[in-house]
There are 2 protein chains.
Amino acid sequence: MTERSSHPNMYDCWLGYRPLGPEALAADERNLLSRIAVVGVSAVLHTAREELLRGLAALTGNEPLSVPWQTEQPHVVIAAPGSAEAGAAWGTLGRGPAGLRPGEDEVIALAELPGRSEGPGSRRIVITGSTEAACLHAVFAFLRRLQAGQGTGGLPAAEATANRLRMVNHWDNLDGSIERGYAGKSIFFADGQVTQDLRRVTDYARLLASVGVNAVSVNNVNVTRAAARLLTPAHLPRLARLAEVFRRYGIRVFLSISFDSPIVLSGVRTADPLDPEVGTWWRRQVAEVYEHIPDLGGFVVKADSESRPGPAVYGRSQAEGANVLAAALRPFGGIVVWRAFVYNCFQDWRDRSTDRARACYDTFMPLDGDFADNVIAAIKLGPMDFQVREPASPLLFALRQTSQAIEVQITQEYTGQQKDLCFLHPQWHEVMALPATVAGEAGTLAGAVSGYPTGRPHGGVTGVANVGDDPSWTGHVLAQANLYAFGRLAWDPVTEPRAVAAEWVAQTFGIAEPVFSTVLQMLLESWPIYESYTAPLGVGWMVTPHHHYGPDIDGYEYSRWGTYHFADRDGIGVDRTKATGTGYTVQYEAGQAALYEDIASCPDELLLFFHHVPYTHRLKSGKTVIQHIYDSHFDGAAAAQRLLDTWLTLAGQVDPARFENVRGRLELQVVNAAQWRDVVNTYFARKSGIPDEKGRRIF
Amino acid sequence: MTERSSHPNMYDCWLGYRPLGPEALAADERNLLSRIAVVGVSAVLHTAREELLRGLAALTGNEPLSVPWQTEQPHVVIAAPGSAEAGAAWGTLGRGPAGLRPGEDEVIALAELPGRSEGPGSRRIVITGSTEAACLHAVFAFLRRLQAGQGTGGLPAAEATANRLRMVNHWDNLDGSIERGYAGKSIFFADGQVTQDLRRVTDYARLLASVGVNAVSVNNVNVTRAAARLLTPAHLPRLARLAEVFRRYGIRVFLSISFDSPIVLSGVRTADPLDPEVGTWWRRQVAEVYEHIPDLGGFVVKADSESRPGPAVYGRSQAEGANVLAAALRPFGGIVVWRAFVYNCFQDWRDRSTDRARACYDTFMPLDGDFADNVIAAIKLGPMDFQVREPASPLLFALRQTSQAIEVQITQEYTGQQKDLCFLHPQWHEVMALPATVAGEAGTLAGAVSGYPTGRPHGGVTGVANVGDDPSWTGHVLAQANLYAFGRLAWDPVTEPRAVAAEWVAQTFGIAEPVFSTVLQMLLESWPIYESYTAPLGVGWMVTPHHHYGPDIDGYEYSRWGTYHFADRDGIGVDRTKATGTGYTVQYEAGQAALYEDIASCPDELLLFFHHVPYTHRLKSGKTVIQHIYDSHFDGAAAAQRLLDTWLTLAGQVDPARFENVRGRLELQVVNAAQWRDVVNTYFARKSGIPDEKGRRIF
C-alpha cells in the first residue's frame, strides 16, 4: 500500500488542513477554538471529537484542550442528539429539541450560545445534529467554514440533507482489480481476501464522512463466483472489521450480491424468487450476515443486466426479484438497492426498432408500486450509460410508488478516465435542477429523487467510486474534486457547481491567488471542453470498444450493445421521436416530451440523441451540424492545450508532487484531444465530403 | 492434457491409418509387407522402424515380422545412408551410392530390388534417404502411398526436398497460453515450466516428421522476461528432454530469444551487438545451452519489431544484430532465424507518406551481403502481415547474398481463427509459383526462397503453428489440413493444392465417396470464400482490433499500425504507385512493378492494395468496385452457408466427434460471414450512397 508519508499533499485530499493566517481569526475566536468539549459518549461522537481536534489543531496551530462541557470558558462543544446543549442549539434555530422538522431525515447545526460566565466575549459554539453521524457531519461543516476563511461568525446555521441515501459504490474485485478503475488497485481487497490493513480504509472513511456520504458498497456489482462468497463465513469476519471502520464514521456498508447466490453457494437448484426454498435460503443467509455485521446497509444488485443472472431467467419480474431479498433484509433494517440498468445487450444492430434508451422505463415503469418498501431502484442519470451528455432518464421523473436513487459515475469511464480533466458536478447538478412535476407540484428532479414529496421511505444518490490505492486516491489529483463534489451533491443538490468547486479548491489548494482562481476556472471549464472534442451533440459513444478511452467512431456501430449513431454520407443521429422514430420521447412528461420531439425546440446539445439530421442542418447557434463538428473539435483540442498552458503558469506555486501529477495528465489529455479532433473531423469530412469553412487541416 | 483415448479420430489426424481393403493389395504385396528389416542402428532409424511397423500393422491388419536384412524372403527394408542396401537402391535410380546430387540437401528414395532367392515374386523394397531423418521421411512417404491406394508399384521413386529449413514456429508462452492460438493451451509449457509429460510432444513430433518438418521453435517470438530464462539452467534440463523427443524424429529444436538477454539475464548493462562484453556474454551463454542440447538448431529472433528490443536501440543495423548471435552459434552449427518483420508500429495515421508495406525491403535490402552465413532472414509472405490476400513480399525476390526463409502463418490469425474454414495451401502455393529471376535465370519464387540457385548455404520455409492441446490439435478438425499442407509445401512447393488436399483427405477421412470428394471440394473453395466476405480486393484488415476476428472496417483506420484503407465517400484504396503514391511498386522487379503500377494491368484481387480508386471504377470483371463489394459479400456469406449445408450431407458418414466438431465451427462461420457481409455492405452503402444493383438488403 502506498503510504501517506510519501505524498501527503496528494493523500490528504481536501482534508490537508492548512494553518489559517493571523488575519483569519480574531483573538477571541482563537481563544474559543482552543477548547473542545463533548456531550455524550459513543464511537461516532468519539470520531467527531478526534476530527474536530485534528482539524482545529492544524488550522489554528494549537492543539485544543479537552474541557468538561460545563466549563465557563469559551469553547466548542459537540452535543449529542437529545442533550440539553443540543436542545438549546436547536432553540436558537427555531427548531424543537430534537432538531428535525417534518420531511427531514438528517439535519446538522452550528449554533452560538452565550458562555456560562458573564465576561466579555464569553460564548460557546455548539456543533450538533439529529443523529450522531450528523454531529460528525456538522464537525466537518464547521471545519470547512474555518478553512474557507469564514471564521466563527454567521451562526446559527442549520442544514438538512436532501437525500437519505448518499452512497458510494465500489466496483472492486476480490483480486484487487477495479472494474473501470483508473487509480490503482482496490483499497478493500487483495489476493482474493478482504484486506486486513485498515489504515487506508480508515482514511477513506474520513474522506467520505467529511462530505456526508453515509453508505458504501464495497464489491463490484458484477459479482464473480468468488465474490458471491462474501456472504459466507469465509469472508464475513474480515468484512465485519471493515464495517467497524466505516461505522465509526457513520457509514453503513453494503454488499453487492449475485442473484443466483442460492445456486452458487449452496445446493439449491434454482434462484427463482418465488420458490419457497429460495426465500428460505435468503432469510437464513441474510441472518448469518447480520450476525457478523448487525448494521449492514443491505444489498446492491445488478440483475438481468449484461449477462448477470436475475429474475427474468425464471420468468419473474424485477419487483419479484427485488422483493425476495427485501423480505430477507427487512427484519434487520436492511434495504435493497436494485439497479435499473436492464437492457438487451445482445441487440442486432440491423434492428432499428429496438432502442436501448427505452429499456429502463419500459421495464420498470409498469412495476411502479410492486416493489417492497425497502427497495430502492437505482436509476442511471441518463437512459444509456454515463455518457458525457445524455438527457435525464425519464424513469427518474415518472416513478411515484417506488423509492429511487439517481446513479452517477464518479469514476470517469466515458469522461476521460482520470487522464483527461472532467469535473462532473455541473453535469449532475444540471440534471438535478431539471423541472419536474412531483406529487402534482412543480419542482425539480432533485425533489423527485429524494422521495420526500411523494412520501417514499427512501431516496437518494449513488455514485460509482473513482478511488484506488494510488497516492492521490484518484490517479489525477484534480479528479479528487469529483469525489468531493459527489458527496456534496448527494447532501445538497442545489448548491451551484461554482460554489462546490470553490469549496474544494479552497480546502485542497488554499485560497491564495492565482492558484485558487486558476484551478477553479479549470474545473468549471473542463466538462464543456471534454464534451466539445468527443462525440458531438449528444449522440454519445464513438469510443474505443471495451476500454472506452479515445475515439473509435464506428467502434460500437455494428455491435450488439445498442449504441449507434447511424452516420451515413448525408447525415447522422438517432431518431427517437414519436412521429418517425423509436418513440422514446413519449416516456417524458408532456412538456419535456414536446421539447425533445420537435427538432425546432430540441436543445442543440441533445439534437443527435433525439433526431437524425442532415449534416447541413442548422443549429440554433446558426452553424450547420458539420461545421459545428469541425469547430467544436478544433476548439476543444485547443482548449485542452490551454488547460495545460494554464496549469504550467502555476509552476512553483503548487507543491511539486501535485504539480507534476496534473501536468503529466494534462499532457496526456492534449494528445487525446488531438486524436479525437482529427479522427472525428476526418471521419466526417471523408463521409460528408463537406469541407471545413475555415479550411483547417483535416486528414 | 486431453488424451488420445477420448477422441482418437481427431487426435490421430492424418496418421490414423485405416485398414486397406482386400482389393488394395495383391497377395504378394501383402506377403512383402509382412516382414520388415533395418540396416543400421540409431535412434532415428529406430523411430523409422517403429513407424513402419505401426503403419503397416494398421494398414494391412497384420503386425509385420522383424527379419534380418539378409533374409531371402520378400520384405521391406529401411536402409541407413551409406549401407550397401541403400547404395543398391540409389543405383536403380541412377544415383551414386550416397544418393545426393549436386544442389540437393536431403533426398528420400523408395526402390525395389530383386529378392535374394530365385522364386517368383521374390523382391524387396528398400526405403532409404540421404540422412537418417530422410529414411524416416521415406517411411512416411511409403505409408502415404499405401494409404492412398497406390500399393507397392511405381518404384523406384526418389524425391529431393526443395528446402533445407522446414520449420514450425510456436508462439507458446511459458504460462501455457499461446499468442494467436485457437486450439487450446500449449503442449510445451504450463505454469511457467517446460512440460514433463512428453507423450503429447512425442505424438506431435510424429505428425511433423510425417510431413518432413525438420525444425521447431518452441517458444513465442515475443519473449517475456520469464521466457528469456529458457537459456539458463532454470529450464535447460527440461528443454533437453523436449529436444530429445524431437531428435528421435529428426527435428531440431530452436529457441526464440530476446535480443536484450544480456541485460535481462545478467549484469551486462547493454545489449549493443558491437560491445565486446555482449559478444562474450552470448558466446558463453550459447555454450551453456549447447552443453544441454548439443544439436540445438539455433535461435529465432524478433528484434526491433513491435516494441521488441533490437540492435536499432544502439544505432546498429539488423545485420550487426544478427551477426553477434551468429558468431556465438557458429561453432556449434547453429543458425539464426532473424525475422524481417521490422516496421514502425507507432505510425501517425495522418502521415500518408510512410508506408508500412515498404518497411521490410527498405530495412533489409541495403544490408544484402552483410549477414553472416549462418543467418537466415525470415520474411513474411506478404509485406504487411498474413492477410487473406497480399502481394508477395518484394524482398523475397530481391535478396541475393542473404539466406532467406518465407514465413507463412499456419495459425489462422487473420483467416478465420480456426472457426472459419480456410485451407491456406492455395495461397502459399500461388506465391511460391510466382515468376522470379533467380541468379539471372527465369524461375519461380520457390527457387529464390530455397537459396540453391544463388548458392546460399540456407533457405526454406517457416510457419507459425496452429496447434494446441485441443483433442483435435487445431481446434477445427479441417484446420489439420493446414498443418499437413505446410509440411508438404515446405518439402515440395510445386505440387498443386488439389493434390496436397487430396493426400490429406485420403489419409484423414479415407477415399470413400462422397466424403472424399466433398471434403476435398470444401477445402479448395474455402480460401476464396473467406476472401470474398472479408476485406475486399486486397485492401486487407478491416478486422476487430487486437483479436482480429470479425469485421471492424475502421478498426485500424485511425491507429498507429500503418494499416489503412482510406475509404471516403468517393473511393477506397492505398495508392502505392511510383507515379502518385508511396512508391512501393518500385521494390519489385521491373516486370512485376509495371504490372502493379498500371491500374489497367494490376490484378483485380490486389487492386486496392496498389491503387486508390472511385467506387465506380470498373474491374476487369466488368463490375464496379462498389458492386463487386456488394456481390462478393452476398455471395461469400451464401457460400459459407453452402459449406455448412454440404457438410450436413455427410451426417452418418463421418464419425460423430469429427462431424460435430466441423458442424459447430461451420455454424460459427455462417454467423461470422453474415456479420461481415452486413457490416461491409452497410459501411460502403452509407459511405458511397450507391445502391446495390440487385436491391438486396443493406442496413
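The values are calculated or read from the model by the stated rules, or taken from the named source; none is laboratory data. These figures come from a predicted structure and were not determined experimentally. Backbone-built Cβ (ideal geometry, glycine too); neighbour counts: all protein chains shown. These area figures cover heavy atoms from the full protein model, side chains too; ligands, DNA and RNA do not enter into them. Shrake-Rupley method; radii C 1.70, N 1.55, O 1.52, S 1.80 Å.
Quick notes
- Each Lys or Arg adds one and each Asp or Glu takes one away; over the other residues whose Cβ falls under 12 Å from the Cβ of B:Ile293, this sums to 0.
- Since only A:Ser122, A:Pro81, A:Ile108 are under comparison, the one whose Cα sits farthest along the positive direction of the charge dipole of the stretch A:72-154, derived from C-beta charges on Lys, Arg, Asp and Glu, is A:Ser122.
- All Cα-Cα separations within the stretch A:203-283 were binned at 10 Å from zero, giving a P(r) of 18, 39, 29, 13, 2, each value a whole percent of the pairs.
- Inter-part distance, the stretch A:252-309 to the stretch A:204-230, computed on C-alpha centroids, equals 16 Å.
- Nearest-ten-degree value, helix B:132-147 long axis tilted from longest Cα axis of chain B: 90 degrees
- Per-residue SASA entry for A:Cys360, accessible area with 1.4 Å probe, Å² rounded to 10: 20 Å²
- Whole-Hz couplings from phi, Karplus 6.51/-1.76/1.60, listed for the stretch A:420-432; x for Gly and Pro: 7, 6, 7, 7, 8, 4, x, 5, 4, 5, 4, 6, 5
- Heavy atoms of B:Arg95 accessible to a 1.4 Å probe, total area in Å² rounded to 10: 30 Å²
- Compactness of the stretch B:15-84 was expressed as the Cα radius of gyration divided by 2.2 N^0.38 Å, which yields 1.13.
- Shortest-first nm distances, B:Pro294 label point to equivalent points in other copies (7 Å, Cα→Cβ): 7.8
- Contact order relative to length of chain A, as percent, for alpha carbon pairs under 8 angstrom and 6 or more apart: 11 percent
- 1.4 Å probe, heavy atoms, protein only - residues of the stretch B:681-696 losing at least 20 Å² accessible area vs chain alone: B:Tyr683, B:Arg686, B:Lys687
- In the distance distribution for chain A, Cα-Cα pairs more than 42 Å apart total 28 percent.
- Amide proton proximity set for B:Tyr452, modelled H, under 5 Å, gap of 5+: none
- Other-chain or far-sequence residues with amide H under 5 Å of B:Val39's (modelled H): B:Ile78, B:Ala79, B:Ala80
- Around A:Gln627: net Lys/Arg minus Asp/Glu count, Cβ-Cβ under 12 Å: 0
- Across the stretch A:173-182, computed HN-Hα scalar couplings (Karplus, 6.51 cos²θ - 1.76 cosθ + 1.60, θ = phi - 60°) run 9, 5, 7, x, 6, 10, 5, 6, x, 10 Hz from first to last residue, x flagging Gly and Pro.
- Report summary: the helix-based calculation at 222 nm, which adds -39500 (n - 2.57) for every DSSP H run with n ≥ 4 and divides by the residues of chain B, gives -11500 deg cm²/dmol.
- Counting from the shortest, the label point at A:Arg350, 7 Å from Cα toward Cβ, is 3.9 nm from the same position in each remaining copy.
- The stretch A:430-504 and the stretch A:596-667 have Cα centres lying 23 Å from one another.
- Annotation: the stretch B:135-272 has a Kirkwood hydrodynamic radius of 16.8 angstrom, from the mean reciprocal C-alpha pair distance.
- Counting Cβ atoms of other protein chains within 10 Å of each Cβ in B:551-558 and taking the mean gives 5.
- Accessible surface computed residue by residue for the protein assembly as shown, with neighbouring protein chains in place and a 1.4 Å probe, gives 33 Å² per residue.
- Cleavage-rule hits (chymotrypsin sites (Phe, Trp or Tyr not before Pro)) in the stretch A:1-78: DSSP loop, at most 10 neighbouring Cβ within 10 angstrom: none
- About the centre of its Cα atoms, the protein assembly as shown shows a dipole size close to 900 debye [charges on the beta carbon of Lys, Arg (+1) and Asp, Glu (-1) only; nearest 20 debye].
- Inter-chain Cβ neighbour average for residues B:348-356, partner chain, 10 Å: 2
- For the stretch A:422-559, the alpha carbon convex hull comes to 158 Å³ per residue, rounded to a whole number.
- Counting only protein chain heavy atoms and rolling a 1.4 Å probe, the accessible areas of B:Lys419, A:Lys687 rank, largest first, as B:Lys419, A:Lys687.
- Hydrodynamic radius by Kirkwood, which averages 1/r over all alpha carbon pairs of the stretch A:297-452, in angstrom: 16.6 Å
- Amide H contacts for A:Gly571 (H built 1.01 Å from N in the peptide plane; partners 5 or more residues away or on another chain; cut-off under 5 Å): A:Tyr615.
- The phi torsions of the stretch B:652-659, fed into the Karplus equation with coefficients 6.51, -1.76 and 1.60 and a -60° offset, translate into couplings of x, 10, 10, 4, x, 5, 5, 4 Hz, rounded to whole numbers, with Gly and Pro shown as x.
- Sites counted here are GluC sites (Glu not before Pro) in a DSSP loop (not H, G, I, E or B) having no more than 12 other Cβ atoms within 10 Å; the longest part of chain A that contains none of them is A:119-692.
- Taking the three principal axes of the alpha carbon atoms in the stretch B:547-656, the coordinate ranges are 59, 32, 29 Å, sorted in descending order.
- Inter-copy separations for A:Pro120, label at 7 Å along Cα-Cβ, nm, ascending: 14.6
- Size of the A/B contact, given as accessible area buried on both chains, probe 1.4 Å, in Å²: 2200 Å²
- Between the helical axis of B:625-648 and the longest alpha-carbon principal axis of chain B there is an angle of about 30 degrees.
- Extents of the protein assembly as shown, taken as max minus min of Cα coordinates on every principal axis and listed largest first, are 139, 69, 62 Å.
- The stretch A:573-651 - percent relative contact order, Cα under 8 Å, separation 6 or more: 23 percent
- Of the solvent-accessible surface of chain A, computed with a 1.4 Å probe and all protein chains present, 53% belongs to carbon and sulfur.
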